[in-house]
Amino acid sequence: MKTQLERIQRDIEALSAFNATPGQGLTRLSFTPEHAQAAQYIQQAMEAAGLKVRTDPIGTLIGRLEGTDPTAPVVMVGSHFDSVKHGGNFDGPAGIVTALETARVIHDEGITPRHPMEFVAMIEEEGARFGSGLFGSRGMTGRLTQEELASNHDDQGISTAQAMEAFGLDPARYRDAVRPKGEIGSFLELHIEQGPILESTGTQVGIVETVVGICNLEITIEGRPDHAGTTPMDMRADALLAAAKLTLFVNQAAIQAGNGTVGTVGKLSLLPGSGNIVPGWVQFTVDVRSPRGDCVNQVREALFEEIRRLTQENDQLTIKVRTLMEMDPVTLDPHVRQVLQEQGEAAGLTTRTMSSGAGHDAMVMADIAHVGLVFVPSKGGRSHCPEEWTDYNQLQNGVELVCRTAMALAAEE
Ligand code: GLV
Ligand code: MN
Ligand code: MN
């Protein structure tokens, strides 16, 4: 293998130190000091690999290597380096390290590719700070909106635009991050599987064929705060009770839709938050996913119908829904998948075709580029938790595959 295990391990361990919650999993939210520290590390590693580095207007780090044919479309490799709250060290960084190591191998070998190559490190893929994920890739493909930058707030009430400004970025320039169609030829991302299939089947790498469609909603219920002891049960406008009914409803609607559809309420806040007051206000998120777009729609429509029913049942309740993020299911590029398959065989790796239940920047980049997504095993199938782990030699298998594939694509006529 041309990739080096020690460098891969060193990067993962170094990035793991930029963490707001040491000892309680990895928390690296966007536009925070930990983000800045990780970005500085990545930038230095990119520069050491001979790349020319810039930060795009929404915070994506881009390291570029010119090719011999300046008119050839870019071959891009990358992932994200933000994290969920109290997550692990591999979701995102595994793909960042892949980009860094690919750039280093090309640098070590003194290769000048035919196509220009870009190695990218994106942020807010998880949406853990502002609610709408896939931020870097949506910015690159023109899916971000001004409305979102102004309306999405973190837990402290800071908007995305305000946080960007405090971080030294100009949110008014967000459209300048958009890459025109045709400029990027292919995009490769390595990610940990985050599920049990590779480990349980003893397969070294997964080549992803489809990524689920995702619908993220924010639901706000306005009821009425009242005395919990004196307000009769039939005279209440209990916002939490309505949220609880909708939470159960999402669960049931996803089960009913079948076909691998899942539905989750993962974040909820309520006011005033006192044991002796009927909750007057609740805000919560709904995350619906399915390999089938019609199933996502079915759950969303059923949920809207249930919301109408609840507000008719109790006219003291007002329920507002805001769409945070929506992506249709994506089938990844057949040619890139074929090159991955060939390179996997050439490297002597065992591979299998997979579908992804997690969202990835790769699915967004499919708007403007030919995309390939590679999975490596997750220990025990665990992810989005401190236990998340991939053995470094298993990670190296995937890095090797992406590195070979990127070089093959960058040499294509
Ligand atoms: C990212 O991990 C997502 O699938 O939401
Ligand atoms: Mn991820
Ligand atoms: Mn994730």
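The values are calculated or read from the model by the stated rules, or taken from the named source; none is laboratory data. Since the model is a prediction, treat every value here as computed from it, not as a measurement. FYI the Cβ positions are ideal-geometry reconstructions off the backbone, even for glycines, and counts take in every protein chain you see. Keep in mind that these areas ignore ligands, DNA and RNA; they rest on the heavy atoms of the full protein, side chains included. Shrake-Rupley method; radii C 1.70, N 1.55, O 1.52, S 1.80 Å.
Data for the structure
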{"read-out": "Of residues in region 229-263 being touching a Ser or Thr at 6+ places or on another chain (Cβ under 8 Å) and not in a helix (DSSP H, G or I), the one nearest to MET354 (Cα to Cα)", "value": "GLY260"}
{"read-out": "Residues (among the β-branched types (Val, Ile, Thr), buried (at least 22 other Cβ atoms within 10 Å of the Cβ) and either more than 16 Å from ligand 2 (Cβ to nearest atom) or without any contact (Cβ under 8 Å) to a residue 60 or more places away in the chain (or both)) located in region 168-195", "value": "ILE184"}
{"read-out": "Tally of residues being part of a loop (DSSP other than H, G, I, E, B) and either surrounded by 22 or more Cβ atoms within 10 Å (Cβ to Cβ) or within 20 Å of the chain's Cα centre (by Cα) (or both) across region 22-44", "value": "7"}
{"read-out": "Only listed residue being within 16 Å of ligand 3 (Cβ to nearest atom) and surrounded by 15 or more Cβ atoms within 10 Å (Cβ to Cβ), chosen from VAL250, VAL262", "value": "VAL262"}
{"read-out": "Residues satisfying the stated conditions in region 81-108, i.e. of a type in the set (D, E, K, R) and within 16 Å of ligand 1 (Cβ to nearest atom)", "value": "ASP82, LYS85, ASP91"}
{"read-out": "Considering residues of region 275-317 that are within 16 Å of ligand 1 (Cβ to nearest atom) and in contact with a Cys (Cβ under 6 Å, 6 or more places away or on another chain) only, the residue farthest from THR264 (Cα to Cα)", "value": "VAL296"}
{"read-out": "The lone exception for GLN343 - which of (1) touching a strand residue (DSSP E or B) at 6+ places or on another chain (Cβ under 9 Å); (2) touching a residue at least 60 places away in the same chain (Cβ under 8 Å) it fails", "value": "(1)"}
{"read-out": "Subset tally (residues that are part of a loop (DSSP other than H, G, I, E, B), small (Gly, Ala, Ser) and closer than 22 Å to ALA362 by Cβ) for region 68-125", "value": "4"}
{"read-out": "Test: residue in region 219-240 that is at pLDDT 95 or above, surrounded by 19 or more Cβ atoms within 10 Å (Cβ to Cβ) and within 26 Å of the chain's Cα centre (by Cα)", "value": "yes"}
{"read-out": "Restricting region 61-87 to residues that are open to solvent by 10 Å² or more (accessible area, probe 1.4 Å) and in contact with a helix residue (DSSP H, G or I) (Cβ under 8 Å, 6 or more places away or on another chain), the residue that is nearest to ILE42 (Cα to Cα)", "value": "LEU65"}
{"read-out": "Conditions (1) β-branched (Val, Ile, Thr); (2) surrounded by 24 or more Cβ atoms within 10 Å (Cβ to Cβ); (3) within 16 Å of ligand 3 (Cβ to nearest atom): number failed by ILE58", "value": "(3)"}
{"read-out": "Long-range neighbours under 6 Å by Cβ, at least six apart or interchain, first residue buried (at least 16 other Cβ atoms within 10 Å of the Cβ) within region 138-150, second assigned to a helix (DSSP H, G or I) and of a type in the set (Gly, Ala, Ser)", "value": "GLY139/ALA177; MET140/ALA177; LEU149/ALA161"}
{"read-out": "Any hit, region 77-92, residues being out of contact with any Pro (no Cβ under 7 Å at 6 or more places or on another chain) and away from ligand 2 (no atom under 16 Å from the Cβ)", "value": "no"}
